[in-house]
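So the structure is just underneath, and the comments pick up after that.
The values are calculated or read from the model by the stated rules, or taken from the named source; none is laboratory data. Values in this document were obtained by computation on a predicted structure and should not be read as measured data. Because the Cβ atoms are built from the backbone with ideal geometry, glycine has one as well, and the counts that use them run over all protein chains shown.
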Amino acid sequence: MKEGDIVITPLPQSDGRIKNRPALILKEMPSFGDYLVWGITSQLHHEIKNFDELIISTDNDFVQSGLLADSLIRLGFLAILNKKRIAGSIGNISDERHKRLVNSLADYLLYKET
């Protein structure tokens, strides 16, 4: 697995339950081989405008993503996952989209006033 891959993994939900959900690999972390991931949801109403990113069926990289429905990549839903917890990869996003997402998160962390 590598950056930009979409994987299926158990993720905590807002009600505390753990469910298998898609997640996007942001970066492999040093030393232990854990991954920093973004959560992905088909609940488009959770979108934070000008922050999260939609991936929809008309996008060039939608088919290769392996997602079954229009979805939302949630930049505010970050998790660290051990490789052993990942069931497998279902697809990936384009390198362009991955770079844009990383830059969006970095810009927010570096420059967004609270």
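Observations
- Qualifying positions in the range 10-25 - modelled with pLDDT under 95 and either within 24 Å of Lys83 (Cα to Cα) or surrounded by 13 or more Cβ atoms within 10 Å (Cβ to Cβ) (or both): Pro10, Leu11, Pro12, Gln13, Ser14, Gly16, Arg17, Ile18, Lys19, Asn20, Arg21
- Close contacts from the range 95-112, counting a first residue that is of a type outside the set (Ser, Thr, Tyr) and surrounded by fewer than 13 Cβ atoms within 10 Å (Cβ to Cβ) and a second that is at pLDDT 95 or above and not in a helix (DSSP H, G or I), with Cβ to Cβ under 7 Å and a gap of 6+ residues or different chains, come to Asp95/Gly4.
- The set of residues in the range 60-80 that are touching a residue at least 40 places away in the same chain (Cβ under 8 Å) and in contact with an Asp or Glu (Cβ under 6 Å, 6 or more places away or on another chain) comprises Ile73, Ile80.
- Options Leu72, Leu67: the member that is modelled with pLDDT of 95 or more, surrounded by 14 or more Cβ atoms within 10 Å (Cβ to Cβ) and in a strand (DSSP E or B): Leu72
- Scanning the range 77-98 for residues that are in contact with a Gly (Cβ under 9 Å, 6 or more places away or on another chain) and either of a type in the set (Lys, Arg) or outside any helix (DSSP H, G or I) (or both) returns Phe77, Leu78, Ala79, Asn82, Lys83, Ser89, Ile90, Gly91, Asn92, Ile93, Ser94, Arg97.
- Taking the range 86-100 as the range and being over 13 Å from the mean Cα position of the chain (by Cα), at pLDDT 95 or above and more than 14 Å from Phe62 (Cβ to Cβ) as the test, only Asp95 passes.
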